[in-house]
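A short write-up of the structure that comes next.
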Amino acid sequence: MLKIDINFDFRKDSLCGDPDTDSPKLYENHKFLWSKNLPNKSEFQFEMLTIGGKCGRILLKSNLYDNLSSDRMCLHFVGKYKGQFNGWLTEEENENFKHIVRTIGGHIVFPAHKKDGFTINQARGVNRKICDRFDLTLECIRLFYLNEQSPLFDAINRYQDFFKLFENFENYVNFFLLQDFVTEKYDVKFALPFDNFVRSPLPQSIEEYKSYKAETINQINKRNNRILTRHSR
C-alpha cells in the first residue's frame, strides 16, 4: 500500500516545474486514491501513462474512461495577474501558500484531452468569471448536475460522460473527498463573497486576499487529513 505524505510539495518532484505535467509521485498518489468503486459499483482502475522522454507528460489511463490529468485545485495568486497582488503577503506567507496548494489535498483530476474546445482545466483558467478558483469551479460542477447554466457549463458538458460516472454532485464530492469544500447540505463554501458570478473572482483588497488564503489553506489541510485518515485504516 502506498504511504501518503500529506506534507509533500510535488514541485520537488517535477523536472519541468509543473507537477501536474510530470510529477511521478503526484500521479502515483492519484492512482492510489482514485482506484476504487464508483457509485454504480464499477471499479475505477488506473495506470500511469508517460508520453515523451525525460521531461514528458504523465497521464492516468483508466479502464472506464479516457485519460485523466492532474490539476492544482486552488489558485494562490502569488506572482499572477501582472503582479497586482505582490506585497500583499509577506514572503513567508507567500511560500507557505504556494506549498500548501501543491500538497496532495490541493490536487484533483479532470479529463486530459481537448474535446471540441478547452479542457475543463484550461477553461477554468481562462474564464474571467472563474480565474482558476476551485470553489467557483465546484459551483459550476454542482450547477451542471442540476442542468443549470454557469460560466463553465459548456466546458463541463463536453465531458458529461465523465461526470455521469458519479451520477450526482454529492457522489462526485464524496468520491474525490471534497466534503470540506461544501456544507453538510452540499452547498459550496466560497472563499470570497459570492453573487452568482457577477463580481470579479479576484480579491479586491488585502483583507479579502488574506481571508481567501486562510479559507483555502484551511480547506486543503482538512482534505489532506481526510485523505490521510481514509487511507491509513
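Bear in mind these aren't lab numbers, they're just calculated from the coordinates by the rules spelled out. Small disclaimer: the values here were computed from a predicted structure and weren't measured. Note that each Cβ is placed from the backbone with ideal geometry, even for glycine, and that neighbours are counted across all protein chains shown.
Can you give the FRET efficiency for Tyr65 and Lys98, using 1/(1 + (r/R0)^6), R0 = 35 Å, r = Cβ-Cβ distance, to the nearest 0.05? Let's see the in-between values first.
Values: r = 31 Å, r/R0 = 0.88.
The calculated FRET efficiency here is 0.70.
7 Å from Cα along Cα→Cβ at both Glu167 and Asp18: what's the point-to-point distance in nm?
Between Glu167 and Asp18, the simple spin-label model gives 3.6 nm.
Could I get the Rg over Rh figure for the stretch 9-56? Both from C-alpha atoms, Rh via Kirkwood, rounded to two places. Mind showing how you got there, number by number?
On the way: Rg = 12.9 Å, Rh = 11.8 Å.
My calculation puts Rg/Rh at 1.09.
At a Förster distance of 30 Å, what's the computed FRET efficiency of Thr90 paired with Gln179, Cβ-Cβ distance as r, to 0.05?
Values: r = 31 Å, r/R0 = 1.04.
With a Förster radius of 30 Å, E is 0.45.
Under the definition of Cα pairs under 8 Å and six or more residues apart, what whole-number percent is the relative contact order of the chain?
Details: 327 pairs, mean separation 42.7, N = 233.
About 18 percent, as a whole number.
Once a ≥ b ≥ c are taken as the square roots of the eigenvalues of the Cα gyration tensor of the stretch 124-233, is the result rounded (a/c under 1.5), prolate (a/b larger than b/c) or oblate (a/b not larger than b/c)?
Values: a/c = 2.08, a/b = 1.05, b/c = 1.98.
Because a/c hits 1.5 or more and a/b fails to exceed b/c, the stretch 124-233 counts as oblate.
Below 8 Å, C-alpha to C-alpha, sequence gap of six or more: please give me the relative contact order for the stretch 133-218 in percent. Don't jump to the answer; show the numbers that get you there.
Working: 51 pairs, mean separation 20.9, N = 86.
Across the stretch 133-218, relative contact order equals 24 percent.
Could you give each residue of the stretch 194-205 its phi-based ³J(HN,Hα) in whole Hz, using Karplus coefficients 6.51, -1.76, 1.60 with θ = phi - 60°, and x for Gly or Pro?
In residue order, the calculated couplings are 10, 9, 6, 6, 7, 6, 4, x, 7, x, 9, 7 Hz.
Summing Lys, Arg as +1 and Asp, Glu as -1, what charge do residues with Cβ under 10 Å from the Cβ of Ile6 carry, Ile6 excluded? All intermediate terms of the calculation are to be shown ahead of the outcome.
Values: positive: Arg223, Arg226; negative: Asp5.
Taking every other residue near Ile6 into account, the sum is +1.
Quick one: if you stick a label point 7 Å off each Cα along the C-beta vector at Lys41 and Asp195, how many nm between them?
Between Lys41 and Asp195, the simple spin-label model gives 4.9 nm.
Under 5 Å between amide H atoms, partner at least 5 residues away or on a different chain: which partners does Val182 have, H built in plane at 1.01 Å?
It is Lys189, by chain and number.
Beyond 19 Å, what share of the Cα-Cα pairs of the stretch 63-120 remains, rounded to the nearest whole percent? Spell out each step's value before the answer.
Details: 791 of 1653 pairs.
Looking at the stretch 63-120, the distances longer than 19 Å represent 48 percent of pairs.
Which trypsin sites (Lys or Arg not before Pro) in the stretch 53-96 sit in a loop by DSSP (not H, G, I, E or B) and have at most 13 other Cβ atoms within 10 Å of their own Cβ? Don't skip to the answer; put the middle values down first.
Details: sites: Lys54, Arg57, Lys61, Arg72, Lys80, Lys82; in loops: Lys54, Lys80.
Listed in order of number, the matching sites are Lys54.
I need the shape label for the stretch 1-139. Rule: rounded when a/c is under 1.5, else prolate if a/b > b/c, else oblate, with a, b, c from the alpha carbon gyration tensor. Don't jump to the answer; show the numbers that get you there.
Values: a/c = 1.75, a/b = 1.43, b/c = 1.22.
Prolate.
Which lysines have a Cα lying under 24 Å from the Cα of Lys164, excluding residues fewer than 8 positions away in the same chain?
Lys31, Lys36, Lys41, Lys61, Lys114, Lys115, Lys185, Lys189
Return the Rg/Rh ratio of the stretch 78-159 with Cα-based radii and a Kirkwood Rh. Show your work: numbers first, answer last.
Values: Rg = 14.9 Å, Rh = 14.4 Å.
Result: Rg/Rh = 1.04.
In Å, what Kirkwood hydrodynamic radius results for the chain from the alpha-carbon pair distances? Don't skip to the answer; put the middle values down first.
Details: mean 1/r = 0.0548 Å⁻¹.
About 18.2 Å, per the Kirkwood formula over Cα pairs.
From the P(r) of the stretch 112-176, can you give the percent of Cα pairs sitting at distances over 15 Å? Show your work: numbers first, answer last.
Numbers: 969 of 2080 pairs.
Tail of the P(r) past 15 Å holds 47 percent of the pairs.
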